[in-house]
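Trainee: Mind looking over this structure? Questions follow.
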Amino acid sequence: MTKSSATHLIIHSFALAHALTCFLLHDTSFGDTFMLTCLTIAMVVVLIRLYDGPVDVIVGLLLLASFAGFFLGTNGARWIQELFPGLKNILSYVVTTTLVTEFLGWSIFFVVRRKK
């Protein structure tokens, strides 16, 4: 498997995992925040290790991805709900977490692929 196809598989698989986690845990007493953060961290580590990124890059991108994911996820869901008021609340969160995961995954890829 090439790095390109592995990258696609990793990012899309994690986006699907985020969507399922959000759908199944969002309205529970446990919530989905902890699991989504763990999935985001795992995706960032896998992508960086695939491209042999150094540890300091991992730490910096983990912090950035975690904060960006939380901020974009919570505010993005509100924005989608305003754009599509007829959409069920849970679906706005699922769509948002999927889009944010794809965005973060591809952003990480574009940063680590150059090794600079």
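The values are calculated or read from the model by the stated rules, or taken from the named source; none is laboratory data. These numbers were taken from a predicted model, which means no experiment stands behind them. When we count neighbours, we look across all protein chains shown, and the Cβ atoms used for this are built from the backbone with ideal geometry, even at glycine. Ligands, DNA and RNA are excluded from the accessible area calculation, which covers all protein heavy atoms including side chains. Shrake-Rupley method; radii C 1.70, N 1.55, O 1.52, S 1.80 Å.
Trainee: Does at least one position in region 30-45 carry a residue that is in contact with a Ser or Thr (Cβ under 8 Å, 6 or more places away or on another chain), of a type in the set (Gly, Ala, Ser) and farther than 16 Å from Ser13 by Cα?
Mentor: The first filter runs over region 30-45 and keeps only residues in contact with a Ser or Thr (Cβ under 8 Å, 6 or more places away or on another chain), leaving 32, 35-37, 39-41, 43.
If we keep only those that are of a type in the set (Gly, Ala, Ser) as well, we get none.
The answer is no, given that none of the residues of region 30-45 is in contact with a Ser or Thr (Cβ under 8 Å, 6 or more places away or on another chain), of a type in the set (Gly, Ala, Ser) and farther than 16 Å from Ser13 by Cα.
Trainee: Give just the number: which of (1) under 22 Å from Thr2 (Cβ atoms); (2) among the aliphatic types (A, V, I, L, M); (3) under 11 Å from the mean Cα position of the chain (by Cα) does Ala19 not satisfy?
Mentor: Status for Ala19: all satisfied but (1).
Trainee: Which one is modelled with the lowest pLDDT, of the residues in region 1-33 that are of a type in the set (A, V, I, L, M, F, W, C) and over 23 Å from Lys88 (Cβ atoms)?
Mentor: First, pick out the residues of region 1-33 that are of a type in the set (A, V, I, L, M, F, W, C): 1, 6, 9-11, 14-17, 19-20, 22-25, 30.
Subset that is over 23 Å from Lys88 (Cβ atoms): 1, 6, 9-11, 14.
Details: Met1: 82, Ala6: 94, Leu9: 96, Ile10: 96, Ile11: 97, Phe14: 97.
Looking at residues that are of a type in the set (A, V, I, L, M, F, W, C) and over 23 Å from Lys88 (Cβ atoms), I get Met1.
Trainee: Sticking with this structure for a sec: Can you confirm whether region 34-48 contains a residue that is buried (at least 18 other Cβ atoms within 10 Å of the Cβ) and either of a type in the set (Phe, Trp, Tyr) or over 16 Å from the mean Cα position of the chain (by Cα) (or both)?
Mentor: Within region 34-48 (the criterion being buried (at least 18 other Cβ atoms within 10 Å of the Cβ) and either of a type in the set (Phe, Trp, Tyr) or over 16 Å from the mean Cα position of the chain (by Cα) (or both)), the answer is no, since none of the residues qualifies.
Trainee: So, one more: Could you give every pair whose Cβ atoms fall below 7 Å, whose first residue belongs to region 50-70 and is under 19 Å from Ala15 (Cα atoms) and in contact (Cβ under 8 Å) with a residue 12 or more places away in the chain, and whose second residue is open to solvent by 40 Å² or more (accessible area, probe 1.4 Å) and of a type outside the set (A, V, I, L, M), counting only separations of at least 6 or pairs across chains?
Mentor: Partner pairs satisfying both residue conditions: Leu50/Lys3; Ser66/Thr37.
Trainee: Right, another one. Across region 106-116, which residue is surrounded by the most Cβ atoms within 10 Å (Cβ to Cβ) among those that are over 11 Å from the mean Cα position of the chain (by Cα) and assigned to a helix (DSSP H, G or I)? Before the answer, list the steps.
Mentor: Residues of region 106-116 that are over 11 Å from the mean Cα position of the chain (by Cα), as a first pass: 109-116.
Then keep just the ones that are assigned to a helix (DSSP H, G or I); that gives 109-112.
Numbers: Phe109: 19, Phe110: 9, Val111: 18, Val112: 22.
Once the filter is applied, the top-ranked residue is Val112.
Trainee: Restricting to region 1-31, and then to whatever is part of a loop (DSSP other than H, G, I, E, B) and in contact (Cβ under 8 Å) with a residue 40 or more places away in the chain, can you tell me which residue is least open to solvent (accessible area, probe 1.4 Å)? Steps first, please.
Mentor: So the first thing to find is which residues in region 1-31 are part of a loop (DSSP other than H, G, I, E, B), and the list is 1-2, 26-31.
Still in the running and in contact (Cβ under 8 Å) with a residue 40 or more places away in the chain: 26-27.
Working: His26: 50, Asp27: 125 Å².
Ranking the qualifying residues of region 1-31, first place goes to His26.
Trainee: Just to be sure I understand, how many residues within region 74-105 are assigned to a helix (DSSP H, G or I) and open to solvent by 60 Å² or more (accessible area, probe 1.4 Å)?
Mentor: Result for region 74-105: 10.
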